[in-house]
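Below is one structure, written out as C-alpha cells, with a few remarks after it.
The values are calculated or read from the model by the stated rules, or taken from the named source; none is laboratory data. In this text the structure is predicted, and so the values were computed from the model without any measurement. Positions of Cβ are generated from backbone atoms using ideal geometry, with glycine treated the same way; all protein chains shown enter the neighbour counts. SASA here: full protein model, heavy atoms, side chains in, ligands and nucleic acids out. Shrake-Rupley method; radii C 1.70, N 1.55, O 1.52, S 1.80 Å.
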Amino acid sequence: MTVYRNHPKKHHLCAWMLSAVLIVTAGCEQRALESGPLDERLTSDAVPSWAAEAIIYQIFPERFRNGDPTNDPTRESLEYTREIPSSWAITDWTGDWYARDDWEYEISDEFYESIYDRRYGGDLQGVIDGLPYLDSLGINVIYFNPVFWARSLHKYDGNTFHHIDPYFGPDPDGDFALMNTETADPATWGWTAADRLFLDLIEDAHDRGIRVIIDGVWNHTGLDFFAFADIRENQEASPYADWYIIRSFDDPETPEDEFDYEGWWGVKTLPLFADAADGKDLHPGPKAYVFASTARWMDPNGDGDPSDGIDGWRLDVANEVPMPFWTEWNAHVRSLNPDAYTVTEVWDDAGAFLRDGGFSATMNYYAFAFPVKGYLVDGSIAAKTFVKLNEERSAVHDMARQYAMMNMVDSHDTDRLASMIVDADSEPYLRPERFDFDESAAGTSPMHTADYPVRKPNQRERHIQRLVALMQMTWTGAPTIYYGTEAGMWGADDPDDRMPMTWPGMVFIPQTHDPKGRNRAVDEVGFDADVFDFYREAIWLRRNTAALNRGKLIVLHTEGQFLAFERTLDGERIVIMINRSEDPVQLQLQANRLPADQSQARQLPADQSQANPSDGAAADLGPPSRWHTLLTTRELDAANVITDAGGGAVTVRLPGITGVVYHLQSLEEE
C-alpha cells in the first residue's frame, strides 16, 4: 500500500496503542462537531450540511465489546426462558463460533436452533472503551442497532422506547425497579443507570467529533412493552386495547385462550401497532408515545439545546408505517434539532418515500450495494453497467440526498462483505435487479444453502474487499462500515454476521467446527491489522480530502471492468482508477481531451446541466508528472501506472483486482 505523504491535506492520525484490555489514545485533540464549507446544493430542510462528510460505523451492541461483565444478561432475561436449560451461561467471547456449549446440545443437535439464545455480554461500557479505537479508525458517526430494552439479542422487539436496555448499563436490577414505578405519562419517566451511561457515551463521542444515530422501530414492539403487557392482562378492558391490531380477545367463559393479534410478518413476538381509524397515520396512542420518546433522546434535559442528545435516527421497516406519520415525525425531529439526520430502511427505489416523508437518506442498497455486488463482489458486470445503474437509481434523489446516502455493503441483515466475496454469485441470477444480494435461495448462509462456505477469505478475496472499501470512500454518499468489517471479520448471513468483535490483543480459538458437520480447514481468527490499516488509510484520505466529500463526480473512462472517475472541488482533483478484472489492463487516455465516447461528465443530480464530454473541460488529465499517488489497494510501483505515451496521451497500466487514487496537481501547484 502506498500513501502520498506530501499531499496538501496531509493525514493527521492520533498516536494510538492497542492492548488486550483497553485502547489508549495518546495526544488526540478534542474535536467539536463541525462540517466543511457549506454548499447550498448539499443541504436542505431534510439533509444536514454534515451528512456529506459522514463516515458511518454500525455497531451491533451485544456483540461489539463486553466492558462490564457484572451486568451480563441472565437466563431469565432471554426470550424463551422456559425452553432454555438451567445450565445456560454467557458464551466465551473468544471461542470458536461454530463450537457449542453443552446447554446448546440440550436444546437441539442443530446449530441454528440454539445460536439465537447465546449472549456474549456486549454493553455500553464496551462501546465507551472502544471509542479511542473508532477515533483512530477515523469514523465520525456511530449508528447503533437498537439499544432499548428488549429480550432478543437484536433488540428489534423493544419493550420500551424511553429506556436503554438495563443489561447494557451498570445496574440492571436498579433500572428495572425504577422502570416499574412508571406509567405511560412522560412526567413519570426517570433516568436509569443505563440511560445515564448512554448519555455519557453521547458526550464522550461528541467530544471526539463523533455523532450518534440510533435505531427507531415505530412499527412494532416486544411482548413485554407496557401497553401490550397491559392488554394481555386486562384484555378489552385495557386502556391500550386499541393500540395494537387485536384479532380477538380471550373469552373468560371458556378454557381456551382465544387472545390473538397480528405480529410483524406473522412473528408473534413482534405485535404490530395499529394505524389510526382512517389508515393514514399511526394510532394516536403509540404516536404520542413515539413523539415523547423521540424528544427524550434528542434533547435529554429539555432545555432546547440538542447538543446533549443523539444526532439522528435510522428507521426500521419505515415503509410499513403510514406516510403522514413520517411527515409529521420528521418535522418534529427537526423542531428539536434542525441538523438531525434521518435515514430509512428501504431496499428498493426510495425516491418518493424520502421526499414525501421528509427523510435525509436511505440505506443505499438499491443504488449502491446492489450494483457494487454485481461489479466488484461478483465481477459479473462491466464498469459501464455499474455506473449506469448507480446513475439511474440515484437520479430520483436531489443532490443533497445523493451525497447523504448511507452507502453500506454489508450489515446485520446480510452476510458479511468478506464472506459475500468468498461466496460470490454469478449469472444467471434469481433476482438479477439486485444481483442476488441477500437472496437466501441463492445462498447467503449454510442455514439455507448446504454448500455455503464458512472459511476465511484468501488474499485474492481480500484484494476485492479493498476495492469495495476504496469505492465506498471515494464515491458520492456516506460510507458505512459494519462493525468488524475493517478488522477482517467474515461470516454468513444472520446469525453468523453477528459474531463477537475481534479486538486487537484478544486471542481467539481457531475455527475448526462447521455448522453442518462438514470437513473444513482450520481458520485462525483474530484482528487483521492489514485489513484495518487499509480501511484506516482510506477513511482518513476521505476525511482529509474535501473533494471526496463534497466534490463533483466525473466518470472519465469505462472499459470492460476498468473504471476511472474524478472527484473535483475548488480546483482540487482526485482521480480514482479501479480494475476489477483478474487480468492487468493497459489503455491510453488523452492528456488534454478524451474522445466523447470515452468521457462522461456526471454532474449530480441528473436534473443539473451536464458538462459537455467533447469540450475537454472535465477530462484534461495533464502530464504524468502531475499525478501523485495517494492510495493503492496493493503493493505496486505506482509511478509506472501512469506513463507518458507521447502525443499528449498517457498510458495506464493497472494490475488485475487493483485500485489506485491520485491527486492531480494543477499547473499553479507546480
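Could you please let me know if Thr294 is within 26 Å of Val147 (Cβ to Cβ), in contact (Cβ under 8 Å) with a residue 24 or more places away in the chain, among the hydroxyl-bearing types (Ser, Thr, Tyr) and assigned to a strand (DSSP E or B)?
On the way: within 26 Å of Val147 (Cβ to Cβ): yes; in contact (Cβ under 8 Å) with a residue 24 or more places away in the chain: yes; among the hydroxyl-bearing types (Ser, Thr, Tyr): yes; assigned to a strand (DSSP E or B): no.
So Thr294 does not fit the description; no.
Out of the stretch 38-86, which residues are under 30 Å from Arg536 (Cβ atoms), assigned to a loop (DSSP other than H, G, I, E, B) and in contact (Cβ under 8 Å) with a residue 60 or more places away in the chain?
Asp39, Thr43, Val47, Pro48, Ala54, Ile55, Phe60, Phe64, Arg65, Asn66, Gly67, Asp68
Out of Phe386, Phe325, Phe353, Phe370, report the one residue that is open to solvent by 10 Å² or more (accessible area, probe 1.4 Å), at negative phi and in a helix (DSSP H, G or I).
Phe353
Can you run down the residue pairs with Cβ atoms below 7 Å, 6 or more apart or on separate chains, where the first is in the stretch 177-188 and under 17 Å from Pro286 (Cα atoms) and the partner is of a type in the set (Ser, Thr, Tyr) and open to solvent by less than 80 Å² (accessible area, probe 1.4 Å)?
These pairs meet every condition: Glu182/Thr188; Ala184/Tyr289.
Which of the residues spanning the stretch 526-549 are open to solvent by less than 30 Å² (accessible area, probe 1.4 Å) and assigned to a loop (DSSP other than H, G, I, E, B)?
The answer is Gly526, Thr545.
Of all the residues that make up the stretch 356-367, how many are open to solvent by less than 10 Å² (accessible area, probe 1.4 Å) and either at pLDDT below 95 or under 18 Å from the mean Cα position of the chain (by Cα) (or both)?
Number satisfying all stated conditions: 7.
Can you tell me which residue among Gly126, Gly121 is more than 30 Å from Ser49 (Cα to Cα), in a helix (DSSP H, G or I), touching a residue at least 24 places away in the same chain (Cβ under 8 Å) and open to solvent by less than 10 Å² (accessible area, probe 1.4 Å)?
Residue meeting the stated conditions: Gly126.
Collect the residues in the stretch 418-476 that are of a type in the set (S, T, N, Q), open to solvent by less than 30 Å² (accessible area, probe 1.4 Å) and assigned to a helix (DSSP H, G or I), keeping them in residue-number order. So that I can check it myself, show each step before the final result.
Step one: filter the stretch 418-476 for residues of a type in the set (S, T, N, Q), giving 419, 426, 440, 444-445, 449, 458-459, 465, 472, 474, 476.
Of the ones still in play, those that are also open to solvent by less than 30 Å² (accessible area, probe 1.4 Å) are 419, 444-445, 449, 465, 472, 474, 476.
The answer is Ser419, Gln465, Gln472, Thr474.
Checking Ala177 against (1) within 23 Å of Glu79 (Cβ to Cβ); (2) part of a loop (DSSP other than H, G, I, E, B); (3) open to solvent by 50 Å² or more (accessible area, probe 1.4 Å); (4) not β-branched (Val, Ile, Thr), only one condition comes out false. Which one?
(2)
Which residues, counting only those in the stretch 346-383, are among the hydrophobic types (A, V, I, L, M, F, W, C) and under 18 Å from Asp316 (Cβ atoms)?
Passing the criteria: Val346, Trp347, Ala350, Phe353, Leu354, Phe359, Ala361, Met363, Ala369.
Do the conditions hold for Ser411, that is, is it under 22 Å from the mean Cα position of the chain (by Cα) and either in a helix (DSSP H, G or I) or of a type outside the set (A, V, I, L, M) (or both)?
Taking the combined requirement at face value, the residue satisfies it.
Specify which of the listed residues (Ser293, Ser335, Ser307) is in contact with a helix residue (DSSP H, G or I) (Cβ under 8 Å, 6 or more places away or on another chain) and either open to solvent by 10 Å² or more (accessible area, probe 1.4 Å) or closer than 26 Å to Met363 by Cα (or both).
Result of the check over Ser293, Ser335, Ser307: Ser307.
Quickly run through the stretch 550-564 and pick out the residues that are open to solvent by less than 10 Å² (accessible area, probe 1.4 Å) and farther than 25 Å from Thr651 by Cβ. Give the derivation first.
Quick first cut of the stretch 550-564, residues open to solvent by less than 10 Å² (accessible area, probe 1.4 Å) only: 551, 553-557, 562-564.
Within the stretch 550-564, Gly551 is the sole residue that qualifies.
Name the strands (runs of 3 or more DSSP E) wholly inside the stretch 206-281 in which the number of residues that are open to solvent by less than 40 Å² (accessible area, probe 1.4 Å) is 3 or more. Don't jump to the end; show me each part of the working.
Values: elements: 211-216, 246-248, 267-271.
So the answer is 211-216, 267-271.
Considering the stretch 61-83 alone, what residues qualify as being at pLDDT below 95 and either open to solvent by less than 20 Å² (accessible area, probe 1.4 Å) or touching a Lys or Arg at 6+ places or on another chain (Cβ under 6 Å) (or both)?
Glu79
Would you please name the residue that is least open to solvent (accessible area, probe 1.4 Å), looking only at residues in the stretch 192-205 that are out of contact with any strand residue (DSSP E or B) (no Cβ under 7 Å at 6 or more places or on another chain) and touching a residue at least 40 places away in the same chain (Cβ under 8 Å)?
Going through the qualifying residues, I end up with Leu201.
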